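Engineer: After the structure tokens below, expect a handful of questions from me.
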Protein chains: 2
Amino acid sequence: MTEPGTPRLTFWLELASTYTYLSAMRIEALAQAAGVAVDWQPFLLGPIFKAQGWSTSPFNIYPAKGRYMSRDVERRAASRGLVFHMPDPFPQNSLFAARIATVAATHGWLPPFAKAVLAAQFAHRLDVSRPDVLSPLIARLGFDPADVFAEAESDDTKARLRAATARALQLGIFGSPSFVAEDGELFWGDDRLEPALSWVTARMNEH
Amino acid sequence: MTEPGTPRLTFWLELASTYTYLSAMRIEALAQAAGVAVDWQPFLLGPIFKAQGWSTSPFNIYPAKGRYMSRDVERRAASRGLVFHMPDPFPQNSLFAARIATVAATHGWLPPFAKAVLAAQFAHRLDVSRPDVLSPLIARLGFDPADVFAEAESDDTKARLRAATARALQLGIFGSPSFVAEDGELFWGDDRLEPALSWVTARMNEH
């Protein structure tokens, strides 16, 4: 529960994204310090990339950019004392994890689940497309993996994830992490987390 | 002249780039405060984009990304009290300006020339592909535009600009601004200027 009038920011996250790992690990502390309520919203980048004519991550299509990204994330992670390894293969298939994240969002445990998936993938080199990798992450949060898997594979969950991705496209989102203010202002990338928080608190103070 | 042992950074700049405008307007102050010597190096992104299969800026090929970039640069410019307008057309043809910049680099007046070209383009809405726009910028720096134009169109200048662009590709550069340390460490984007300066000063302090 947040008090009425609290500035809000929506954190749009694709679970296979390296920079999203960087943001997920620090957004709660930064948002709390700034007095901002954050709504975590899972979506899929795959269909958005496909709409741009890409069959995989642009980091694979443009190798110089991919090499740079890997080094850049490594540097930023190191400066924050965070373990980081590029997964192999990259990007991982995040469809099932995103469906579970959609379930988690409904039931209020998306932030710890998303952080667990991102840490498994980018710190512990695990393949998060595998149910046997995701299962213990869910169990550790106190839920029954079988129940959660069933809900994740339901038509309703699939439809909600598809709707979220369509909404992301509509909002102009083309990468992850993206941060969207209530007035529609869009910020893209881990390095835009601070400006996004400043944006929503500045707007709030005007009222 | 800089003292031996001064940390150095090469600032690779494409004169048609919006984010390069943001960096050019602040790199001197930041580098001086950090005790870093900066070597400005003009190059062309066009041939590098072409090598990736792009016939124009990715900001044109991917409209969502282009719209976001324009808004992002606008916000960052505003936060620094800098005027910014998207040029029309974008990107401008920067070939002639880059050749003049190559001449300017040889004679030691690249920073003021590059800043003048970028301000003309992004603050004053001028078309910097036009010799009659570039001419007064050169005259204002105390040089004869006709002489400079002749040197800019010489085979030697053209060859040096081509070599610079080839070297940029070799260094893994795929966008502008890029900052390269003496150890080859690459930083891309206006938001990586501070990390690039920290990188070279930290390395220097280790010795």
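The values are calculated or read from the model by the stated rules, or taken from the named source; none is laboratory data. Computed from a predicted structure; not experimentally measured. In this analysis, Cβ positions are derived from the backbone assuming ideal geometry, glycine residues included, and neighbour counts consider all displayed protein chains.
Engineer: Quick test of your reading of the structure: A:Ile173 fulfils all but one of (1) part of a helix (DSSP H, G or I); (2) within 19 Å of A:Ala24 (Cα to Cα). Name the failing condition by number.
Structural biologist: Going through the list (1) part of a helix (DSSP H, G or I); (2) within 19 Å of A:Ala24 (Cα to Cα), A:Ile173 breaks only (1).
Engineer: Still on this structure, please answer the following. Which numbered condition in (1) within 14 Å of chain B (Cβ to nearest Cβ); (2) more than 27 Å from A:Ile100 (Cβ to Cβ); (3) part of a loop (DSSP other than H, G, I, E, B) is the only one that A:Asp72 fails?
Structural biologist: (3)
Engineer: Here is a list: B:Ala31, B:Ala24, B:Ala77. Which entry is crowded, with 18+ Cβ neighbours inside 10 Å, more than 10 Å from chain A (Cβ to nearest Cβ) and in contact with a helix residue (DSSP H, G or I) (Cβ under 6 Å, 6 or more places away or on another chain)? Reasoning before the result, please.
Structural biologist: Working: B:Ala31 fails: in contact with a helix residue (DSSP H, G or I) (Cβ under 6 Å, 6 or more places away or on another chain); B:Ala77 fails: in contact with a helix residue (DSSP H, G or I) (Cβ under 6 Å, 6 or more places away or on another chain).
Sole residue among the options that is crowded, with 18+ Cβ neighbours inside 10 Å, more than 10 Å from chain A (Cβ to nearest Cβ) and in contact with a helix residue (DSSP H, G or I) (Cβ under 6 Å, 6 or more places away or on another chain): B:Ala24.
Engineer: Would you check which residues across the range A:174-185 are under 16 Å from A:Val38 (Cβ atoms) and either within 15 Å of the chain's Cα centre (by Cα) or buried (at least 22 other Cβ atoms within 10 Å of the Cβ) (or both) and list them?
Structural biologist: A:Ser176, A:Pro177, A:Ser178, A:Phe179, A:Val180
Engineer: Residue check: is A:Ala104 more than 14 Å from chain B (Cβ to nearest Cβ), farther than 18 Å from A:Phe187 by Cα and touching a Phe, Trp or Tyr at 6+ places or on another chain (Cβ under 6 Å)?
Structural biologist: Numbers: more than 14 Å from chain B (Cβ to nearest Cβ): yes; farther than 18 Å from A:Phe187 by Cα: yes; touching a Phe, Trp or Tyr at 6+ places or on another chain (Cβ under 6 Å): yes.
For A:Ala104, the condition - more than 14 Å from chain B (Cβ to nearest Cβ), farther than 18 Å from A:Phe187 by Cα and touching a Phe, Trp or Tyr at 6+ places or on another chain (Cβ under 6 Å) - is met.
Engineer: OK, next. Could you give every pair whose Cβ atoms fall below 7 Å, whose first residue belongs to the range B:122-140 and is free of Cβ contacts under 8 Å to residues at least 24 places away in the same chain, and whose second residue is in a loop (DSSP other than H, G, I, E, B) and among the hydrophobic types (A, V, I, L, M, F, W, C), counting only separations of at least 6 or pairs across chains?
Structural biologist: Here the result reads B:Val133/B:Leu126, each pair linking the range B:122-140 to a residue that is in a loop (DSSP other than H, G, I, E, B) and among the hydrophobic types (A, V, I, L, M, F, W, C).
Engineer: Of the residues B:Trp12, B:Trp40, which is within 22 Å of B:Leu197 (Cα to Cα), within 14 Å of another protein chain (Cβ to nearest Cβ) and not charged (D, E, K, R)? Let's see the steps before the verdict.
Structural biologist: Values: B:Trp40 fails: within 14 Å of another protein chain (Cβ to nearest Cβ).
Of B:Trp12, B:Trp40, the one residue that is within 22 Å of B:Leu197 (Cα to Cα), within 14 Å of another protein chain (Cβ to nearest Cβ) and not charged (D, E, K, R) is B:Trp12.
Engineer: Shifting gears a bit: For the list (1) at pLDDT below 95; (2) small (Gly, Ala, Ser); (3) surrounded by 22 or more Cβ atoms within 10 Å (Cβ to Cβ), I need the number of the one condition that A:Ala202 fails.
Structural biologist: A:Ala202 satisfies every listed condition except (3).
Engineer: Suppose we filter the range B:28-48 for residues that are of a type in the set (A, V, I, L, M) and within 17 Å of B:Ala101 (Cα to Cα); how many remain? Please lay out each step first, then the result.
Structural biologist: First, pick out the residues of the range B:28-48 that are of a type in the set (A, V, I, L, M): B:29-31, B:33-34, B:36-38, B:44-45, B:48.
Add one more test, that the residue is within 17 Å of B:Ala101 (Cα to Cα), and what stays is B:38, B:44-45.
Counting residues in the range B:28-48 that are of a type in the set (A, V, I, L, M) and within 17 Å of B:Ala101 (Cα to Cα) gives 3.
Engineer: Between B:Glu151, B:Glu194, which is over 15 Å from B:Gln41 (Cβ atoms), part of a helix (DSSP H, G or I) and within 14 Å of chain A (Cβ to nearest Cβ)?
Structural biologist: Values: B:Glu151 fails: within 14 Å of chain A (Cβ to nearest Cβ).
None of the other options fit; the residue is B:Glu194.
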